[in-house]
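What follows is one structure encoded as structure tokens, with my remarks underneath.
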Amino acid sequence: MTSRYAAWRRRVQCAIGLLVLAGAMALPALAQSSAAARALPAGQRTVLVMGDSLSAAYGLRASEGWVALLGQRLSREHPEWRVVNASVSGETTAGGASRIVGELRRHRPDVVVIELGANDGLRGLPTLQTRINLAWMMGAAHGAGAEVLLVGMRMPPNLGAEYTRAFEGNYTELAERFDAALLPFLLEPIALDEAAFQGDNLHPVASAQPKLLEHVWPALEPLLD
């Protein structure tokens, strides 16, 4: 391990530690005050999805996206659960970090699915900042009493080997640190199929959405127990 990498790793760990501490101090009050923020039927539980355009059904009807399909599956197989899709096209991890507390207060989820980072990578944003933002979101969700499923992304090699390794490594290391469920790569079942993407070569077509749900489901379902 080079001294430069070791110093970077120490900065990351310190930043994450401070964020988690802040979240642990602030969020018990959130969990209590949000009790009056919404009233759900007795026994109703919530999966909150915080994602970007990949989860916001970009270029499709909302009902065609994998999150909407998840809602349909929950109604059939786990009717005590509902899904709230708080995904925003173009969202970065910074945007997600800025919204997470409000979404937790509004919906009081039992499970939070975090599918963010792709737009950070496409913009070449620093992987350290992406890591800190994701850590804040995960700490906030845990502080509010929710389980977390972290959904990862991968970047093309044109950004450089060091960047792509650090980007992908964020998800693995954060899942381990927070003892969270991990789906390493959302697009894995369709990544090599050009026909599975819209004309921009970034967003999956409607016919690919069931494949994404089938990919997410094995990582998500154990959190519904």
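The values are calculated or read from the model by the stated rules, or taken from the named source; none is laboratory data. Every value quoted in this text rests on a predicted model; they were computed, and no experiment measured them. Cβ coordinates were reconstructed from backbone atoms using ideal geometry, including for glycine residues, and neighbour counts include every protein chain displayed.
Table: residues versus (1) buried (at least 18 other Cβ atoms within 10 Å of the Cβ); (2) not in a loop (DSSP other than H, G, I, E, B).
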position	(1), (2)
Ile114	yes, yes
Leu150	yes, yes
Tyr163	no, yes
Phe167	yes, yes
Asn170	yes, yes
Glu188	no, no
Glu214	no, yes
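Can you go through Glu77, Glu103 and tell me which one is touching a residue at least 40 places away in the same chain (Cβ under 8 Å), out of contact with any helix residue (DSSP H, G or I) (no Cβ under 6 Å at 6 or more places or on another chain), surrounded by fewer than 22 Cβ atoms within 10 Å (Cβ to Cβ) and acidic (Asp, Glu)? Working first, answer last.
Values: Glu77 fails: touching a residue at least 40 places away in the same chain (Cβ under 8 Å).
Answer to the selection: Glu103.
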Which condition number does Glu168 fail, the rest of (1) under 23 Å from Asn85 (Cβ atoms); (2) in contact with a Lys or Arg (Cβ under 9 Å, 6 or more places away or on another chain); (3) without any contact (Cβ under 8 Å) to a residue 60 or more places away in the chain being met?
(1)
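Under 14 Å from Ala118 (Cβ atoms), surrounded by fewer than 16 Cβ atoms within 10 Å (Cβ to Cβ) and in contact with a helix residue (DSSP H, G or I) (Cβ under 9 Å, 6 or more places away or on another chain): is that true of Pro204 in this structure? Give the derivation first.
Details: under 14 Å from Ala118 (Cβ atoms): yes; surrounded by fewer than 16 Cβ atoms within 10 Å (Cβ to Cβ): no; in contact with a helix residue (DSSP H, G or I) (Cβ under 9 Å, 6 or more places away or on another chain): yes.
Answer is no for this residue.
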Looking at (1) over 21 Å from Val67 (Cα atoms); (2) in contact with a helix residue (DSSP H, G or I) (Cβ under 6 Å, 6 or more places away or on another chain), which one does Thr172 not meet, given that it meets all the others?
(2)
For region 158-175, how many residues are more than 16 Å from Ile114 (Cβ to Cβ), at pLDDT 95 or above and polar (S, T, N, Q)?
1
Residues being part of a helix (DSSP H, G or I) and either in contact with a strand residue (DSSP E or B) (Cβ under 9 Å, 6 or more places away or on another chain) or of a type in the set (Phe, Trp, Tyr) (or both) - total across region 47-66:
2
Could you grab me the full set of residues in region 90-99 that are under 21 Å from Ala57 (Cβ atoms), out of contact with any Gly (no Cβ under 9 Å at 6 or more places or on another chain) and either hydrophobic (A, V, I, L, M, F, W, C) or touching a residue at least 24 places away in the same chain (Cβ under 8 Å) (or both)?
Gly90, Arg99
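Quick check, is Arg108 of a type outside the set (Gly, Ala, Ser) and in contact (Cβ under 8 Å) with a residue 60 or more places away in the chain? It would help to see each step written out before you state the result.
On the way: of a type outside the set (Gly, Ala, Ser): yes; in contact (Cβ under 8 Å) with a residue 60 or more places away in the chain: yes.
The answer is yes for Arg108.
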Would you point out which residue out of Arg76, Arg99 is in a helix (DSSP H, G or I), out of contact with any Phe, Trp or Tyr (no Cβ under 8 Å at 6 or more places or on another chain) and within 25 Å of Gly43 (Cβ to Cβ)?
Arg76
Picked from region 190-201 (must be in a helix (DSSP H, G or I) and aliphatic (A, V, I, L, M)), the residue surrounded by the most Cβ atoms within 10 Å (Cβ to Cβ) is Ala196
